1. By average Cβ neighbour count within 10 Å, what is the ranking of 112-125, 69-82 from highest down?
2. Relative to the longest principal axis of the C-alpha atoms of the chain, give the angle of the C-alpha long axis of helix 103-132, reported between 0 and 90° and rounded to the nearest 10°.
3. Once phi is turned into ³J(HN,Hα) by the Karplus curve 6.51 cos²θ - 1.76 cosθ + 1.60 with θ = phi - 60°, what whole-Hz value does each residue of the range 5-20 show in order, with x for glycine and proline?
4. Would you mind calculating the gained length between Glu15 and Gln70 on full extension (0.36 nm times residue separation, minus the Cα-Cα distance), in nm to one decimal?
5. Just the Kirkwood number for the range 1-104, please: inverse of mean 1/r across all distinct Cα pairs, in Å, one decimal.
6. Once amide H atoms are placed 1.01 Å from N in the peptide plane, what residues at a sequence separation of 5 or more from Asn141, or on another chain, have their amide H within under 5 Å of its amide H?
7. Magnitude of the Cβ-charge dipole of the chain, K/R +1 and D/E -1, about the Cα centre, nearest 20 debye?
8. Nearest 10 degrees is fine. How inclined is helix 31-47 to the longest principal axis of the chain, computing both from alpha carbons?
Amino acid sequence: MTVKTLAYNQLLIIEKDVYEAMGYHDTWPDEATQQETRAIIDDVQRWLRPQFCFFVCQELPAFDIGRIIQRQLRGSEAYALFICTSGAEFEAYQQRLKQEGDMVRVFIADSLGSVIAEKCADQMETALQESIDKLGWRHTNRFSPGYCGWHVSQQQLLFPLFDGQTCGVRLTDSSLMLPIKSVSGIIGLGKEVRRLDYTCGLCNFEKCYKRKQRS
């Protein structure tokens, strides 16, 4: 099991990432929103401690991952299971903003939290690749329950495989992760696998974050 805690600057977040998560793809928000975003980032980066954990298994666990992910994992010699999270501190921060009732700050923080979780997952992929370089292996895209035909309820099969080492992330009965700004899933590993573009044309999940990046 590999577990790592990151600092904000290790996530390599730029302002544009946050604005895109807010829905500004071709333009930037007004100056007041930019200033508020910078203020939130300045606050968060002082104490944020996102985490990731992953481990490698030789056999594909008994998940019902669906045909899209099955196709993407084809040729894998092993599999990495992972959990990444913005952390409990960020979850508490979001709750505090909601209690204060400033919906602009709530929206900005929600968008920033999504970026933090995804950038944490990017750093996890980098660490994973470094760990398999000696084998001459590559890795596929990462795939999560709730996307590409893999039902979110399968989180209940994924999490027990970590033997309690889940970076503090827990599941609700409805398979929602807490802290909410967390990512989990599977990655294929091997000499013959490839990291491809996400196959949005084969998936009908309109709210997928990968689809949003390309809209």
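The numbers here are math on the coordinates, done by the rules we state, and not lab data. All values reported here derive from a predicted model rather than from experimental measurement. Ideal geometry is used to build each Cβ from the backbone, glycine not excepted, and the neighbour counts take in all protein chains shown.
1. Most protected by this proxy first, the peptides run 112-125, 69-82.
2. So the inclination is approximately 30 degrees.
3. 9, 10, 9, 4, 5, 6, 7, 6, 7, 10, 4, 4, 4, 5, 5, 5
4. 16.3 nm
5. Across the range 1-104, the inverse of the average 1/r is 17.0 Å.
6. Amide H neighbours of Asn141: Leu196.
7. Result for the chain is approximately 640 debye, rounded to the nearest 20.
8. With both axes taken from Cα atoms, the answer is about 60 degrees.
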